[in-house]
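Chemist: Submitted below is the structure of interest, expressed as structure tokens.
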Amino acid sequence: MTLRIGLIGAGVMGRCHARILASEVKGAEVHSVFGPSAENVGLLLDEVRGARTCETPEALIASVDIDAVVVASPDRTHAPLTLLCLAHRKPVLCEKPLAETVEDCRAVYDAEQSAGRRLVQVGFMRRFDPAYRQLKAAMDLGEIGRHLFIRCIHRNRQAPSFFTGDMAITNAMAHEFDILRWLTRAELEWISVTTPSAAGLEEDPVIAAVKLSNGILAEIEIFMNAGYGYDIRTEVLGEDGVLEMARAPSTMMGKNGAVRAEQYRDFTERFADAYRIMLSEWVTALSAGGVVRESANTLDGLRAVEAAVAGVAALRSGRWENISAPHR
């Protein structure tokens, strides 16, 4: 049986999902597409032949011809569209963040609980990246003793045009919040955030320190305009040694007495395997009536947004903030 996918969003993220589903995932087809930009939808349809267009996301979700939905539209639309999918009992892969507020995340979580089955997967694709999976396997073996400190580096060549204000924390750093919980099986408890300048939230880079419930301390660097390329790294310091995430292969060139490595341009290059594996495992699980064990659920989505809200508060206050504080 072929799983008929409805795709909401035709920007860079939506087209990335569409290409992979159409060419690299067995048992799925991109059946219908919605995007507010006719130009972007046209670009997507140039790559995914045969897909239909819908006039509204509501019509796409309600269609009896759609078996599952991918939500890759702007952050503000994630919660209402996911709630609509739940109302129609349609499995949905929602890009991160699950919502922009803790309250909306809780609404999605509660709605899924009321549905009586897991229907939502949050698109934290790093859980599917081979390098991250190798790092987690090495951590689980315990060969470097008790884990003490984790350093996460997340650098973009240039921030996307839609990035403003808090999004270095609420959008980009959300990946690190989730990966820390996934790697350690611990909760994030306290966060402190600063920048090299005290000028405000528009500053770049942003540095966060995070205290976890198992005593591990983590440092997160988000540099949205690093200039030289897309660079993702994670290092774990233990009592008896250190683990460094394997770097994804890149082309090396030796010439005139120097060796140069080409950097990835963006996340679609660096995490191409992660997206392919995530979508493949999602389709396979849905076709069998199950869920992907390693995937992020609505509770994981809620925890990431709680950390992001506390992170923004910490940057503004200049103090350590409690991630699980009741008002959040």
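Chemist: When you scan segment 287-299, do you find a residue that is farther than 28 Å from Thr101 by Cβ, touching a strand residue (DSSP E or B) at 6+ places or on another chain (Cβ under 7 Å), surrounded by 14 or more Cβ atoms within 10 Å (Cβ to Cβ) and not assigned by TED's automatic domain parsing to the domain that holds Phe177, even just one?
Modeler: Looking for residues that are farther than 28 Å from Thr101 by Cβ, touching a strand residue (DSSP E or B) at 6+ places or on another chain (Cβ under 7 Å), surrounded by 14 or more Cβ atoms within 10 Å (Cβ to Cβ) and not assigned by TED's automatic domain parsing to the domain that holds Phe177, one finds at least one in segment 287-299, hence yes.
Chemist: Looking at segment 210-232, which of the residues that are in a strand (DSSP E or B) and of a type in the set (A, V, I, L, M, F, W, C) is farthest from Glu321 (Cα to Cα)? Quick ask: steps written out before the conclusion?
Modeler: Keep residues of segment 210-232 that are in a strand (DSSP E or B), which gives 210-212, 217-223, 230-232.
Checking the rest, the ones that are also of a type in the set (A, V, I, L, M, F, W, C) come to 210, 212, 217-218, 220, 222-223, 232.
Values: Val210: 10, Leu212: 13, Leu217: 14, Ala218: 15, Ile220: 15, Ile222: 19, Phe223: 22, Ile232: 26 Å.
Out of the qualifying residues, it is Ile232.
Chemist: Having 2 or more residues that are among the aliphatic types (A, V, I, L, M) and within 15 Å of the chain's Cα centre (by Cα) is the bar; report the helices (runs of 4 or more DSSP H) wholly within segment 38-143 that clear it. Full working, then the answer.
Modeler: Numbers: elements: 38-47, 57-62, 78-87, 102-115, 130-141.
Correct list: empty, since no element meets the threshold.
Chemist: Can you run down the residue pairs with Cβ atoms below 8 Å, 6 or more apart or on separate chains, where the first is in segment 36-52 and touching a residue at least 24 places away in the same chain (Cβ under 8 Å) and within 16 Å of Pro74 (Cα to Cα) and the partner is of a type in the set (A, V, I, L, M, F, W, C) and assigned to a helix (DSSP H, G or I)?
Modeler: From segment 36-52, no pairs qualify.
Chemist: May I ask you to list the residues in segment 284-296 that are out of contact with any helix residue (DSSP H, G or I) (no Cβ under 8 Å at 6 or more places or on another chain) and part of a loop (DSSP other than H, G, I, E, B)?
Modeler: At the first step, the residues of segment 284-296 found to be out of contact with any helix residue (DSSP H, G or I) (no Cβ under 8 Å at 6 or more places or on another chain) are 284-290, 293.
The answer is Ala288, Gly289, Gly290, Arg293.
Chemist: Now for a different question. Give the residue that is farthest from the chain's Cα centre (by Cα), with candidates limited to residues of segment 144-162 that are charged (D, E, K, R) and part of a strand (DSSP E or B).
Modeler: Going residue by residue through segment 144-162, those that are charged (D, E, K, R) are 146, 151, 155, 157.
With the extra rule that they be part of a strand (DSSP E or B), the set shrinks to 151, 155.
Values: Arg151: 18, Arg155: 15 Å.
Applying the filter and picking the extreme gives Arg151.
Chemist: Got at least one residue in segment 311-328 being in contact with a Pro (Cβ under 8 Å, 6 or more places away or on another chain) and of a type outside the set (Gly, Ala, Ser)? Quick ask: steps written out before the conclusion?
Modeler: If we filter segment 311-328 for residues that are in contact with a Pro (Cβ under 8 Å, 6 or more places away or on another chain), which is where we start, we get none.
Within segment 311-328, not a single residue is in contact with a Pro (Cβ under 8 Å, 6 or more places away or on another chain) and of a type outside the set (Gly, Ala, Ser).
Chemist: Which of the residues belonging to segment 226-241 are surrounded by 15 or more Cβ atoms within 10 Å (Cβ to Cβ) and either over 22 Å from the mean Cα position of the chain (by Cα) or under 11 Å from Phe149 (Cβ atoms) (or both)?
Modeler: Hits for segment 226-241 are Glu235, Val236, Leu237, Gly238.
Chemist: Which of the numbered conditions does Ala246 fail, given that it passes all the others? Conditions: (1) farther than 25 Å from Asp140 by Cα; (2) hydrophobic (A, V, I, L, M, F, W, C); (3) surrounded by fewer than 18 Cβ atoms within 10 Å (Cβ to Cβ).
Modeler: Every condition holds for Ala246 apart from (1).
Chemist: Name the pairs whose Cβ atoms lie under 7 Å apart, with the first residue in segment 212-224 and in the same structural domain as Ala186 (by TED's automatic domain parsing) and surrounded by 17 or more Cβ atoms within 10 Å (Cβ to Cβ), the second polar (S, T, N, Q) and not in a loop (DSSP other than H, G, I, E, B), and 6 or more positions between them or separate chains?
Modeler: Pairs that qualify, where the first residue is in the same structural domain as Ala186 (by TED's automatic domain parsing) and surrounded by 17 or more Cβ atoms within 10 Å (Cβ to Cβ) and the partner is polar (S, T, N, Q) and not in a loop (DSSP other than H, G, I, E, B), are Leu212/Thr184; Ile216/Thr184.
Chemist: Looking at segment 1-12, which of the residues that are at pLDDT 95 or above and surrounded by fewer than 22 Cβ atoms within 10 Å (Cβ to Cβ) is nearest to Ala62 (Cα to Cα)?
Modeler: Applying the filter and picking the extreme gives Arg4.
Chemist: Continuing with this model, one more query. Looking at Glu189, is it over 24 Å from Asp75 (Cα atoms), assigned to a loop (DSSP other than H, G, I, E, B), in contact with a strand residue (DSSP E or B) (Cβ under 9 Å, 6 or more places away or on another chain) and of a type in the set (D, E, K, R)? Don't jump to the end; show me each part of the working.
Modeler: Numbers: over 24 Å from Asp75 (Cα atoms): yes; assigned to a loop (DSSP other than H, G, I, E, B): no; in contact with a strand residue (DSSP E or B) (Cβ under 9 Å, 6 or more places away or on another chain): yes; of a type in the set (D, E, K, R): yes.
Criteria not met by Glu189.
The values are calculated or read from the model by the stated rules, or taken from the named source; none is laboratory data. Keep in mind that what you see is a predicted model, and the values were worked out from it rather than measured. When we count neighbours, we look across all protein chains shown, and the Cβ atoms used for this are built from the backbone with ideal geometry, even at glycine.
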